[in-house]
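Trainee: Sharing a structure, written as structure tokens. Questions coming.
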């Protein structure tokens, strides 16, 4: 049981487990309720979907709405564009939303080079450039938030603001990102059956897990990194996020020159899935300021 809990907390979403088995429509990891078949299937919507070539991989993204551009980046491992559905639903009413399926996730290819944070940032920028030349707001969760940090550090002129949820400073040994397919299937087999129908290379799932684990287990993101981020940044997490405790959220935010902090009580890593209204109430004034 201890091992299973450890694995669970390394996943990109921490929510109450449900034994219900849904096959349609798409769902986010360990979803507690059945989504309506009328809901937009973000991450698998032919009406909004596009591909862009980014170095050695085809990256899939979807575009919704009109207005100032906002980029949505989902979590890693169990992450999918669909898990971000409430953000997309809310933002597409007033903004141009670019929702990217990151390398190895959803319909995006894994490519033939080892995954790096710089590579992930360049993938997203390729999608942005395919849609707009304007600077953008980035809203990312977990793996998507780390990509957002990297984009802001590499391309400061392209990022107006950044919302980073569930992503704080890192150093080798601080966390263990090791994960495998057997564990994934044990946690949510229905989810992976759905995802394997989307991905162009389902046989490479373990390779994707291994590459992401290798990247994060060797990654150092400290003050020298976060000080490069110049855009206003909202650093958020759930109070009970074991991988991003409040003290680490505070420490990380203080490394960024223009920062705000949002900690949502009684929620874990998947904070916006557990209490979207509270997360949204923090984000709206940050975006409008």
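The values are calculated or read from the model by the stated rules, or taken from the named source; none is laboratory data. None of the values given here were measured: they were computed from a predicted structure. Counting neighbours? That spans all protein chains shown, and the Cβs are built from the backbone with ideal geometry, glycine included.
Trainee: Output the residues belonging to the range 183-192 that are crowded, with 21+ Cβ neighbours inside 10 Å and either part of a loop (DSSP other than H, G, I, E, B) or without any contact (Cβ under 8 Å) to a residue 12 or more places away in the chain (or both).
Mentor: Selection gives 188 alone.
Trainee: From the list 138, 128, 98, which one is over 15 Å from the mean Cα position of the chain (by Cα) and either touching a residue at least 40 places away in the same chain (Cβ under 8 Å) or part of a strand (DSSP E or B) (or both)?
Mentor: Sole residue among the options that is over 15 Å from the mean Cα position of the chain (by Cα) and either touching a residue at least 40 places away in the same chain (Cβ under 8 Å) or part of a strand (DSSP E or B) (or both): 128.
Trainee: Please work out which one of (1) surrounded by fewer than 18 Cβ atoms within 10 Å (Cβ to Cβ); (2) without any contact (Cβ under 8 Å) to a residue 60 or more places away in the chain; (3) outside any helix (DSSP H, G or I) is the condition residue 111 fails and give its number.
Mentor: With respect to (1) surrounded by fewer than 18 Cβ atoms within 10 Å (Cβ to Cβ); (2) without any contact (Cβ under 8 Å) to a residue 60 or more places away in the chain; (3) outside any helix (DSSP H, G or I), residue 111 is out only on (1).
Trainee: Tally the residues that are more than 15 Å from the chain's Cα centre (by Cα) and on the phi > 0 side of the Ramachandran plot, restricting the search to the range 43-78.
Mentor: 3
Trainee: Next up: Which ones in the range 93-108 are surrounded by 22 or more Cβ atoms within 10 Å (Cβ to Cβ) and out of contact with any helix residue (DSSP H, G or I) (no Cβ under 7 Å at 6 or more places or on another chain)?
Mentor: Answer for the range 93-108, where residues must be surrounded by 22 or more Cβ atoms within 10 Å (Cβ to Cβ) and out of contact with any helix residue (DSSP H, G or I) (no Cβ under 7 Å at 6 or more places or on another chain): 105, 108.
Trainee: Condition first: closer than 25 Å to residue 225 by Cα, without any contact (Cβ under 8 Å) to a residue 24 or more places away in the chain and surrounded by fewer than 18 Cβ atoms within 10 Å (Cβ to Cβ). Now tell me which residues in the range 235-284 satisfy that.
Mentor: Result: 245, 246, 247, 250, 254.
Trainee: Across the range 49-75, which residue is nearest to residue 208 (Cα to Cα) among those that are outside any strand (DSSP E or B) and free of Cβ contacts under 8 Å to residues at least 40 places away in the same chain?
Mentor: Among them, the one singled out is 65.
Trainee: Looking for something more than 30 Å from residue 50 (Cβ to Cβ) and touching a helix residue (DSSP H, G or I) at 6+ places or on another chain (Cβ under 8 Å) - is there at least one such residue anywhere in the range 190-208?
Mentor: no
Trainee: Take residue 195 and decide whether it is at pLDDT below 95, surrounded by 19 or more Cβ atoms within 10 Å (Cβ to Cβ) and part of a loop (DSSP other than H, G, I, E, B).
Mentor: no
Trainee: Counting only residues that are in a helix (DSSP H, G or I) and surrounded by 24 or more Cβ atoms within 10 Å (Cβ to Cβ), which one in the range 151-182 is farthest from the chain's Cα centre (by Cα)?
Mentor: So the residue we want is 152.
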